Amino acid sequence: MDEQTVKKRIEDLVKTIQEHDYRYYVLNHPILTDYEYDLLYKELQDLEKKYPHLILPDSPTQRVGNSISGDLPKVRHKVPMLSLQNTYNMEEVRAFMNTTNILGYKVKEWVGELKIDGVAVSLWYENGYLSKALTRGDGLLGEDVTAAIKTIRSIPLYIQEFTKGFVEVRGEVYVNKKDFLEYNKRQEILGEPLAVNPRNFASGSIKLLDPTIVAQRPLRILCYSIPYSDFQIAETQFEIISKLRDFKFPVSDAVKLLHSADDVQSYWDYWRLHKEDLPFHIDGIVIKVNQIKEQIELGTTNKIPKWAFAYKFPAETVETKLESVEWSVGRTGIITPIANLVPVWLGETTVKRATLYNYKEIVRLDLHEHDFVYLQKGGEIIPKIVGINFAKRTFDAKPITYPSHCPSCNELIEFDEEGILLRCENENCLAQLLRHLTHFVSRNAMNIESLGEKILELFIKAQLVQSIADLYRLKYETLLLLPGLGHKKVQKILEELEKSKAQPFENFLYALGIRLIGIHTARDLALRFANLRELMNAKKEDLLGIRDLGETKVNLLMKHFNKPSFQKLVNELDDLGVLAISQTKLSNLETKQQLFLNLTFVFTGTLNSMTREEAAELIRKGGGSVVNSVSKKTNFVVCGVDAGSKLEKAKLLNIPILTEELFLEWLKTGNLPLATSSEN
């Protein structure tokens, strides 16, 4: 296939995949099976790997890039992202709508929109391509979350109609109710902290530094405005929504033209009654002047636009009685208080339980036994106790106190370092065991697919498994006696267990479920240490020298390593043949010194000898990191053919610049070459 044919095929694949992304993520009407879609995506990936210089900026493969290092950079908004003034009162709505007579006439058209409880973002398009995405920030400066936002597949990366110049689109990033509940269910199974509400979950997700993690979060967006463009797109807000739909942005179907305060009230009444029918949470409606020229004439204050307001729904509150407080033990030993309640109807569901988060929340509420409590749904999802009816408290009611011993294993428990979370430190606590095992066999850990939660629970009930090590002691004859396990299933389980013994050190370290040691910290540690034994023998100052490994993590890690129960587990797993405990690395590159230890690189332009991702992997194996943008924290910029603006910024910041030849020389000799001076 000649290069021109390849170029045409790549262009066709990009357009085809974009169309199917639009059908799946925006229209919710896919016409391809997952298998057919994956075949197209794989063909595009293969062609781009072979011809990296033909990769298009709006290719679907470019949605998830490299991690961002350090704090999110701040960028000034083209147009300030102001907050809306809120009201809960119809009289204030009428008063607001009458203030528009400063125009010299009464506004005749308004637009009603749903007020989604999410996080506002600004999308910048330059010459058709999505170039930047910002949070609201303080309204003047926003945080650059471009890498994270590109993972939301319903956002177009290229708009043909925007090639005339700069266009800004704004929208609300949110999480559907169902997706949020499923996420929290998985977190509960793994014994990880639950997300408090969909809005905080969405806001926190787009600020994560690793877009590969963001891509796994169920984020969505609805777009609602074009506050700035180099050319005229529409004359009214209602037309803007229509244009956004034409440009294949996801928009709300609930947008409606309104002509009076009575229309506004009817719109508000309807959605207050039907908000539970929506897949996402709303906390009111937004009303905007329809004519753009009238919006401009009305103007803004320093904080709010004078042409829009939010008419919010009152929070629904019910009263019920506290029956008891139980204490639930998670995978990492965190003991969480749960309120058992007299069942009450709230937000279209019957509520029987509510999380109390931690003991400090109990103290803040001044919660006593058998109190009558006020209940709301945080983010319309999670039942939450928001207050106490003190008038109904009996004189002999006793305050709720925390347990001194673990409700599962009866071991003494203590508060964590910050004095907020109660924790059971017993490695053999059965309440934690199922969650430990579920985490241990998960995909990013030991990747033992045949061992689901139900089978692990079966092993525990049969008293075959009481620790991680017991998984590797399972016998064929014993497993065949368990209900539901036939010859093929047992054989597969044992084969996958044996295969998992060779999992890389970083996966094994993550699988151990050590507190605060996630997959990325495990990867950083695995780049520095060859195996678990070497890591356990490391000195504190050596650990503190590793990127993003602060005092708190190091202290927790060393405390965990010193536990007799952990040392016993390590010895058992070593005897059972888990290679990551003592195995020496064999790779030629890895047996050398860590060439790039704690160094940060940026690549710009096209490399001739390898793809940029292949080069980035060499950097990571050498102990360094690769990021997308140049900053003062960047140590080196590696330039290929047709280097862009990153090179200019490196020169401006006086950051050392390496040609591809110098970079290859460094890899070959192990010696740092003389980089090009940024000042030249």
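Every number in this text was worked out from the coordinates using simple rules, so none of it is lab data. All of these numbers come straight from a predicted model, not from anything done at the bench. Positions of Cβ are generated from backbone atoms using ideal geometry, with glycine treated the same way; all protein chains shown enter the neighbour counts.
Pairwise inverse Cα distances across segment 250-323, averaged and inverted, put the Kirkwood hydrodynamic radius at 14.8 Å.
Given the rule -39500 (n - 2.57) for each run of at least 4 DSSP H residues, summed and divided by the residues of the chain, what is its mean residue ellipticity at 222 nm, to the nearest 500 deg cm²/dmol?
-10500 deg cm²/dmol
Cα-Cα over 25 Å: which of Lys132/Lys646; Lys398/Lys559; Lys312/Lys377; Lys15/Lys42; Lys178/Lys501? Can you show the working numbers first?
On the way: Lys132/Lys646 15 Å; Lys398/Lys559 37 Å; Lys312/Lys377 16 Å; Lys15/Lys42 15 Å; Lys178/Lys501 37 Å.
With Cα atoms farther than 25 Å apart: Lys398/Lys559; Lys178/Lys501.
Near Ile388, the amide H atoms lying under 5 Å from its own belong to Tyr374; only residues 5 or more places off or on other chains count, and H is placed 1.01 Å from N. Residues in segment 132-140 carry Karplus couplings, in order, of 7, 9, 10, 7, 5, x, 8, x, 9 Hz; the curve used is 6.51 cos²θ - 1.76 cosθ + 1.60 with θ = phi - 60°, and Gly or Pro positions show x. In terms of its C-alpha gyration tensor, segment 318-415 comes out oblate, because a/c is 1.5 or above while a/b does not outweigh b/c. Classified by the C-alpha gyration tensor, segment 84-194 has an oblate form. Its axis ratio a/c, with a ≥ b ≥ c, is 1.5 or above, and a/b does not exceed b/c. This ranking places Asp371, Asp138, Asp210 by how few other beta-carbon atoms lie within 10 Å of each, fewest first, which gives Asp138, Asp210, Asp371. The phi torsions of segment 350-357, fed into the Karplus equation with coefficients 6.51, -1.76 and 1.60 and a -60° offset, translate into couplings of 8, 9, 10, 9, 8, 6, 10, 6 Hz, rounded to whole numbers, with Gly and Pro shown as x. Taking a ≥ b ≥ c as the square roots of the eigenvalues of the Cα gyration tensor, segment 74-312 is classed as oblate, since a/c reaches at least 1.5 and a/b does not exceed b/c. One quarter of the surface of the convex hull around the alpha-carbon atoms of segment 419-529 equals 7.9 nm², the direction-averaged projected area.
Of His439, His20, the sequence from fewest to most neighbouring Cβ atoms within 10 angstrom is His20, His439. Working note: Cα atoms of the chain, range along each principal axis, descending, whole Å: 85, 80, 49. Taking the number of Cβ atoms within 10 Å of each Cβ as an exposure proxy, the fewest-first ranking of Met536, Met1, Met81 is Met1, Met536, Met81.
Scanning residues 5 or more positions from Gly137 or on other chains, those with amide H under 5 Å from its amide H are Glu143, with H placed 1.01 Å from N in the peptide plane. At full extension, Ala215 and Asp230 could sit 2.3 nm farther apart than now, given 0.36 nm per residue minus the alpha carbon distance. Over segment 281-371, the fraction of Cα-Cα pairs per 10 Å bin, rounded to whole percents and listed from the shortest bin up, is 13, 27, 20, 15, 17, 8. Pairs of Cα atoms in segment 145-279 fall into 5 Å distance bins, from 0 up to the last occupied one, in shares of 2, 8, 15, 17, 17, 15, 12, 8, 4, 1, 0 percent.
Can you tell me, using C-alpha contacts under 8 Å and at least 6 residues apart, the relative contact order of the chain as a whole percent? Don't skip to the answer; put the middle values down first.
Values: 1166 pairs, mean separation 64.2, N = 680.
It comes to 9 percent, rounded to a whole number.
Label-to-label distance for Asp542 and Ala462 is 4.2 nm, based on points extended 7 Å past Cα in the beta-carbon direction.
The string of couplings for segment 279-294 from the Karplus curve (6.51, -1.76, 1.60, θ = phi - 60°) is x, 10, 8, 10, 10, x, 10, 10, 10, 10, 4, 6, 6, 4, 5, 6 Hz, one whole number per residue in order, with x for Gly and Pro.
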